[in-house]
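Peer 1: I'd like to ask you about the structure that follows.
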Amino acid sequence: MLHSALDTLRDWYRAAHDLGHDPLHLEQIKQLGLSAKQANGNGFGLAPNLQQSMAQDLAQYQALQQRGEYVAQASQKILSVIGQTQGPHTQFRGKVYELKQTADRLTVRRVTPQPQTILEMAQGKIQRTVVTAEDCQRFQRFVQRLESDRVPTPTSAGLER
């Protein structure tokens, strides 16, 4: 039971961090985690107002995670088609985004207008995401362009006999 309570508090902290909550809120969650760890599962509980706050943050974060998952899948497709392998990682740098993948990590950075890491994944699990709906749309359009560029046209394939 303790393990799942700590995992839930970690998830809440990650959600609150990525949602941009203030440092005091993050510190409060951290202290709750330390209290839960010290209590070792004996009699640890959250006040109703904290349970409500946690539920709201986790619900909001779910949308961010879904967008992050989509961008991760799109990034892997982009890297597999036009990524450049350099040593242990494969990368792609476009006008707006920079993608980098190693065996167990994926990092997506928005390079303009202000450089910012929008997605970090480790071993297939989102570590950090601030992917916006606009990011998703851009990735969707880019993947669609990639796919349409790869479809053989009658003029370029199969006409010579």
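The values are calculated or read from the model by the stated rules, or taken from the named source; none is laboratory data. As the structure is a computational prediction, the values presented were derived from the model and not from experiment. Methodologically, a virtual Cβ is constructed for each residue, glycine included, from the backbone with ideal geometry; neighbour enumeration extends over all protein chains shown.
Peer 1: Just one of (1) touching a strand residue (DSSP E or B) at 6+ places or on another chain (Cβ under 7 Å); (2) within 17 Å of R14 (Cα to Cα) trips up G124, so point out which.
Peer 2: (1)
Peer 1: Of the conditions (1) under 16 Å from Q65 (Cβ atoms); (2) at pLDDT below 95, T117 clears all except one; give me its number.
Peer 2: Every condition holds for T117 apart from (2).
Peer 1: Here is a follow-up. Whether any residue in segment 39-54 is in contact with a strand residue (DSSP E or B) (Cβ under 8 Å, 6 or more places away or on another chain) and modelled with pLDDT under 95 is what I want to check. Give the derivation first.
Peer 2: Taking segment 39-54 as the starting set, the residues that turn out to be in contact with a strand residue (DSSP E or B) (Cβ under 8 Å, 6 or more places away or on another chain) are none.
Scanning segment 39-54, I find no residue that is in contact with a strand residue (DSSP E or B) (Cβ under 8 Å, 6 or more places away or on another chain) and modelled with pLDDT under 95, so the answer is no.
Peer 1: Out of A63, A74, A59, which single residue is farther than 29 Å from L9 by Cβ and of a type outside the set (K, R)? Working first, answer last.
Peer 2: Values: A63 fails: farther than 29 Å from L9 by Cβ; A59 fails: farther than 29 Å from L9 by Cβ.
So the residue among A63, A74, A59 that is farther than 29 Å from L9 by Cβ and of a type outside the set (K, R) is A74.
Peer 1: Also, I was wondering about something else. Being assigned to a helix (DSSP H, G or I) and either outside the structural domain of D18 (by TED's automatic domain parsing) or exposed (fewer than 11 other Cβ atoms within 10 Å of the Cβ) (or both) narrows it down to one of V108, V143, V131, so name that one. Steps first, answer last, please.
Peer 2: Working: V108 fails: assigned to a helix (DSSP H, G or I); V131 fails: assigned to a helix (DSSP H, G or I).
V143 is the lone residue from the list that is assigned to a helix (DSSP H, G or I) and either outside the structural domain of D18 (by TED's automatic domain parsing) or exposed (fewer than 11 other Cβ atoms within 10 Å of the Cβ) (or both).
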